[in-house]
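To start, the structure itself, in C-alpha cells.
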Amino acid sequence: MNVGVVGAGIVGLAVAREVARTRGARVTVLDKEDRVGAHQTGHNSGVVHAGIYYQPGSLKARLCREGVALLRQYCAEHRIPYEEVGKLVVASTSAERAGLRRIAERARANGVPGIAELDALALREIEPDTVGVAAVHSPHTAIADFPAVARRLAEDVASSGGSVLLSHPVRALRETASGVDVLAGRRKLGFDRLIVCAGLGTDTVARMAGAAGDVRIVPFRGEYYALAGAARDLVRGLIYPVPDPRYPFLGVHLTRRIDGEVLVGPNAVMALALEGYSWGDVDLGDLRRILAWEGTRRLAARHWRTGVREVLGSLAKRSFLKAARRYVPALTGADLVRTAGGVRAQAVARDGGMLDDFAIDVHGRVVLLRNAPSPAATSSLAIARHIVGLTSVLAS
Ligand SMILES: Cc1cc2nc3c(=O)[nH]c(=O)nc-3n(C[C@H](O)[C@H](O)[C@H](O)COP(=O)(O)OP(=O)(O)OC[C@H]3O[C@@H](n4cnc5c(N)ncnc54)[C@H](O)[C@@H]3O)c2cc1C
C-alpha cells in the first residue's frame with residue numbers, strides 16, 4: 001500500500017512511522033515548509049502532560065496516558081531529552097479549592113500516577129518560591145524536546161524506505177476509483193490512502209478533498225514571556241493555575257523548558273491569520289473564512305468578555321506579570337522578556353463550541369485529523385496507533 005501523509009508535524013510524522021512500521025506500507029510525508037515541526041510542534045510549551053485534566057473515557061484522556069508511556073520510551077531509546085520535573089496546579093484562593101479537588105479526582109480517574117493533594121506548606125517544599133492555599137502535585141509530568149522527537153520520527157520514516165518531502169505544499173486533491181491523486185508543489189503523486197494531519201492547514205486541505213465538514217479551525221495565538229537570568233531559579237518545574245472549565249486552554253502558567261528557559265504564558269487571543277504569529281500577520285482571505293463561520297460568531301457572542309480581556313492583555317507585560325506573580329510573588333517586571341509564541345489550531349463547531357476532544361473523520365480514502373490541540377504533542381505516538389488501528393483507515 002502506498003500512503004500519503006499531509007503534515008510533517010509531530011503527529012503526521014508519528015502516523016507515517018506507524019503506517020510504515022505496522023503495515024509495511026510505503027509512506028510519503030508532504031509538508032509546505034522547509035523543515036519538520038515548523039508550526040505547532042515547534043512553538044509550544046514543551047510539556048509532556050500526564051493526563052490530569054481530560055474527561056475520563058475521552059480520546060484525550062486515553063491517548064494522553066498511552067502517549068506518555070510511548071513517548072518516554074521513545075525518548076529513552078533515542079537519547080532525546082526528557083525530564084520528569086513535576087507539576088503543581090495551584091489554588092491561590094479558597095474559592096479555587098473545589099476546582100482543585102475536581103482536578104485531583106479527574107487525574108485519579110484517568111490513572112495519573114503519584115497524584116498528591118498538598119497544603120500551603122507542602123507545596124513550598126516542592127516549589128519554595130511559590131505561594132497558594134493548596135495544590136495538586138503530579139510528580140511525573142515531564143518536559144521534552146518535541147522538535148527533536150519530530151526530527152527523529154522523520155529519520156525513522158526515511159529508514160523504513162519512505163520519504164519526507166519538504167517545501168511541497170499540497171495544492172489540490174482528487175479522489176479516483178482506486179486512490180487519491182495529489183498535487184504537491186509541482187509534483188503529481190498518487191496514493192491508495194491520504195492521511196491529513198495539517199494542523200492550522202486542516203480546513204484548506206479538507207476543502208480540496210470536498211470534505212469541508214461541520215467544524216472549522218480557529219487560530220488562537222499563545223504569547224509568551226521568558227524569565228531572564230537569576231529569576232529562572234525561582235521556578236523548579238511547572239506551575240499551573242486551576243483551569244477555567246469553560247475553556248480548553250489551561251491559563252497562563254510558568255513552565256521550565258528542556259533548554260533551561262522558563263516561560264510565562266501562553267494567553268489565548270484569536271489570530272488574524274491561520275499562521276498569525278503576531279498582530280502584524282493579517283490574511284484577509286483567512287480572516288473572511290474564519291469570520292464567515294457561524295461557529296466563530298457564536299463563540300464570540302458567548303465569550304466576548306474574555307476575548308476583550310485577552311486582547312487588551314495581549315503583549316502587555318503587566319498582565320503576564322500579574323498572572324505570574326499570583327504564584328511567584330518575587331518576580332518583577334525586569335524579570336520578564338518577550339519571546340516567540342505559537343498558534344493553536346482549535347476546531348470550533350457550528351454551535352460555537354470549542355471541540356474538546358481529538359477528532360478524526362474518514363472521508364472516502366482521505367482521513368482527516370480535525371482537532372489535535374494540546375496534549376496532541378504528548379499523545380502523538382498514541383494518536384498514530386489509534387488512527388492506524390481504525391479499521392476504516394487502511395482497509396484495502
Ligand atoms: C502555544 C501552544 C502551546 C502548546 N503546549 C503544548 C504542550 O505543552 N504539550 C503538548 O502536548 N501540546 C502542546 N500544544 C499542542 C501541540 O503543539 C499540538 O497539539 C501538536 O504540535 C500538533 O501537531 P500536528 O503535527 O498535528 O500539527 P503541526 O505541528 O502544526 O503540523 C502541521 C503541519 O502541516 C503542514 N501543512 C499545513 N497545510 C499544509 C499543506 N497544504 N500542504 C503541506 N503541508 C501543510 C504545516 O506546515 C505543519 O508543519 C501547544 C500548542 C500551542 C500552539
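The values are calculated or read from the model by the stated rules, or taken from the named source; none is laboratory data. Just so it is clear, the structure is predicted and the values come from calculations on it, not from any experiment. Note: ideal-geometry Cβ built from the backbone for every residue, glycine included; neighbour counts use all protein chains shown. Side chains are part of the model used for accessible areas, which takes the heavy atoms of the whole protein and leaves out ligands, DNA and RNA. Shrake-Rupley method; radii C 1.70, N 1.55, O 1.52, S 1.80 Å.
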Everything considered on the Cα gyration tensor (a ≥ b ≥ c; rounded for a/c under 1.5, else prolate if a/b is larger than b/c, else oblate), the stretch 89-236 must be described as prolate
Partners for Lys317 among aspartates and glutamates (Cα-Cα distance below 12 Å; same-chain residues under 8 apart left out):
Glu223, Asp335
Amide H of Val343 versus every other amide H placed in the peptide plane: which residues, excluding those fewer than 5 positions away on the same chain, fall under 5 Å?
Gly222
Sequence gap at least 6, Cα distance under 8 Å: using those rules, report the relative contact order of the chain to the nearest whole percent.
23 percent
Helix-derived [θ] at 222 nm for the chain: sum -39500 (n - 2.57) over DSSP H runs of at least 4, divide by residue count, nearest 500?
-10000 deg cm²/dmol
Using the heavy atoms of the protein chains and a 1.4 angstrom probe, tell me the accessible area per residue for the chain in square angstrom.
42 Å²
Quick one: angle between helix 10-23 and the longest Cα principal axis of the chain, in degrees between 0 and 90, rounded to 10, please.
50 degrees
Equivalent ellipsoid, the stretch 323-396 (semi-axes from 5 times Cα gyration tensor eigenvalues, Å)
38, 15, 11
Considering only DSSP beta bridges with both partners in the chain, what is the antiparallel share in %, to the nearest 5?
75 percent
Could you please state, rounded to a whole Å, how far the C-alpha centre of the stretch 204-223 is from the C-alpha centre of the stretch 309-348?
27 Å
Give me the three principal axis extents of the stretch 228-328 from the C-alpha atoms, as integers in angstrom, largest value leading.
46, 27, 23
The orientation-averaged projected area of the Cα convex hull of the stretch 267-395, in nm², is 10.5 nm²
Directionally averaged shadow of the stretch 232-282, computed from the convex hull of its alpha-carbon atoms, nm²:
4.9 nm²
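Using alpha-carbon pairs under 8 Å, 6+ residues apart, how would you state the relative contact order of the stretch 229-368 in percent?
Relative contact order for the stretch 229-368 comes out at 22 percent.
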Take every Cα pair under 8 Å in the stretch 201-305 that's 6+ residues apart, average their separations, divide by the length, and report that relative contact order as a whole percent.
26 percent
Per residue Cα convex hull volume in Å³ - calculated over the stretch 148-204:
103 Å³
With a bin width of 20 angstrom, please list the P(r) values of the chain as percents of all Cα-Cα pairs, from the 0 bin to the one holding the largest distance.
28, 58, 14, 0
Accessible surface of the chain [probe 1.4 Å, protein heavy atoms]: carbon and sulfur percent:
52 percent
For the stretch 82-145, what does the alpha-carbon gyration tensor say about shape, rounded, prolate or oblate, given a ≥ b ≥ c as the root eigenvalues, a/c under 1.5 as rounded, and a/b over b/c as prolate?
oblate
Leaving out same-chain residues fewer than 8 places away, which lysines sit with a Cα under 30 Å from that of Lys188?
Lys32
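What's the Cα-based Rg to Rh of the stretch 1-122, Rh via Kirkwood?
1.07
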Where Rh is the Kirkwood radius over Cα pairs, Rg/Rh for the stretch 275-334:
1.12
Step through the residues of the stretch 306-311 one at a time and calculate ³J(HN,Hα) from phi using the Karplus curve (6.51 cos²θ - 1.76 cosθ + 1.60, θ = phi - 60°), rounding each to whole Hz and writing x for Gly and Pro.
5, x, 5, 4, 5, 5
Summed residue charge, Cβ within 9 Å of Arg298's Cβ, Lys/Arg positive, Asp/Glu negative
+1
Would you list which lysines come within 24 Å of Lys322, measuring only between C-alpha atoms, while excluding same-chain residues fewer than 8 positions from it?
Lys87
For Ser163, residues with placed amide H under 5 Å, excluding near neighbours
Val27, Thr28, Val29
Quick check on the stretch 255-294: what are the equivalent-ellipsoid semi-axes from the Cα gyration tensor, as sqrt(5λ), descending, whole Å?
30, 11, 7
